[in-house]
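Student: This structure is in structure tokens; I'll ask about it shortly.
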Amino acid sequence: MAALSPAYRIAAAVALGVVAVVVCVHLGMVFLSLAPANTVSKRHGKAVEAWVYPEFEQNWKLFAPNPLQQNIAVQARAELRTKDGGVRTTGWVDLSAEDGAAIDHNPVPSHTEQNELRRAWDFLVSTHNAESRPVGTRGALSEEYVRRIVVMRLGREPDIRSQGVVQRVQVRSETVNVPPPSWSGERISTRPAYRVLPWWTVTADEAAGGVR
């Protein structure tokens, strides 16, 4: 560059600038084509496809699976047989929130707190139809698995344990969409949606704390 005349230097600098801009645009377009759907790719999807396809098409995804865009909390309540022979229904206990509180600011959270309840709920949802009825033998197994986790977790609650013996439990999920960033023009509802399962009868062994 030092040996070039001023005119050639300017031309070379402009050419390098153009190449740099094209490279940045190309990398950005490829990134958007591979990334999960987002505000930018939704708004400029046609331009991204026109740039990438067919010459620069990729057969892999940057994120697999796509990150969740919803917060799903698993909550449960119990029907108790009180000491005086009566029946009482507890309020809803947010089990996912308890796991989240145990994980926050913990440098080495346990595998149970991170995955047990979440994976159990995913297992149940994948083996039940839209009416929350089990499909096949794995559906019944998933119900038993979730029920035992819920009974064990509720049994740890001092207010519930002191009031009586668990006879039945009910589970629901609360799903809330993650709000878009403030600079986005996208509008989505952030009102919670609930999926409520039927009441499940608790076995004597489970109610007595036989499940660990």
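Student: Would you report the distance distribution of C-alpha pairs in the range 79-131 as whole percents per 5 angstrom bin, up to the bin with the largest distance?
Tutor: It works out to 4, 15, 16, 14, 15, 15, 12, 7, 1, 0, in whole percents.
Student: Which listed residue (Gly185, Gln170, Trp199) has the Cα farthest towards the positive end of the charge dipole for the range 133-212, taking +1 on Lys and Arg C-beta and -1 on Asp and Glu C-beta about the Cα centre?
Tutor: Looking along the dipole axis, the top candidate is Gly185.
Student: Any idea what the relative contact order of the chain is, in percent, if you count C-alpha pairs under 8 Å spaced at least 6 apart?
Tutor: Contact order relative to length: 19 percent.
Student: Could you let me know the centre-to-centre spacing of the range 75-139 and the range 165-212, using Cα atoms, in angstrom?
Tutor: 7
Student: Relative contact order, percent, of the range 124-212 when contacts are C-alpha pairs under 8 Å separated by at least 6 residues?
Tutor: The value is 28 percent.
Student: On alpha-carbon atoms, Rg over Rh for the range 93-212 using Kirkwood Rh?
Tutor: A ratio of 1.02.
Student: Where Rh is the Kirkwood radius over the Cα pairs of the chain, the temperature 10 °C and the viscosity 1.306 mPa s, what D in µm²/s does Stokes-Einstein return?
Tutor: Result for D is 72 µm²/s.
Student: Looking at the range 26-133, which trypsin sites (Lys or Arg not before Pro) are in a loop (DSSP not H, G, I, E or B) and have at most 10 other Cβ atoms within 10 Å?
Tutor: Passing sites in the range 26-133 are Lys83.
Student: With a Förster radius of 30 Å, plug the Cβ-Cβ distance of Phe56 and Ala13 into 1/(1 + (r/R0)^6) and report the FRET value to the nearest 0.05.
Tutor: 0.65
Student: What whole-number value in Å² describes the accessible area per residue of the chain for a 1.4 Å probe?
Tutor: That works out to 67 Å² for each residue.
Student: So how much accessible area does Ile160 have, in Å² to the nearest 10, using a 1.4 Å probe?
Tutor: Around 10 Å² of this residue is reachable by solvent.
Student: Something else now. Would you mind calculating the gained length between Ala102 and Leu27 on full extension (0.36 nm times residue separation, minus the Cα-Cα distance), in nm to one decimal?
Tutor: 23.0 nm
Student: OK, next. Most mobile of Gly185, Gly91, Gly164 per a Gaussian network model of the chain (Cα springs, under 10 Å)?
Tutor: Checking each option, the largest mean-square fluctuation is seen for Gly185.
The values are calculated or read from the model by the stated rules, or taken from the named source; none is laboratory data. Every value quoted in this text rests on a predicted model; they were computed, and no experiment measured them. Counting neighbours? That spans all protein chains shown, and the Cβs are built from the backbone with ideal geometry, glycine included. The accessibility values were calculated without ligands, DNA or RNA, using every heavy atom of the protein model including side chains. Shrake-Rupley method; radii C 1.70, N 1.55, O 1.52, S 1.80 Å.
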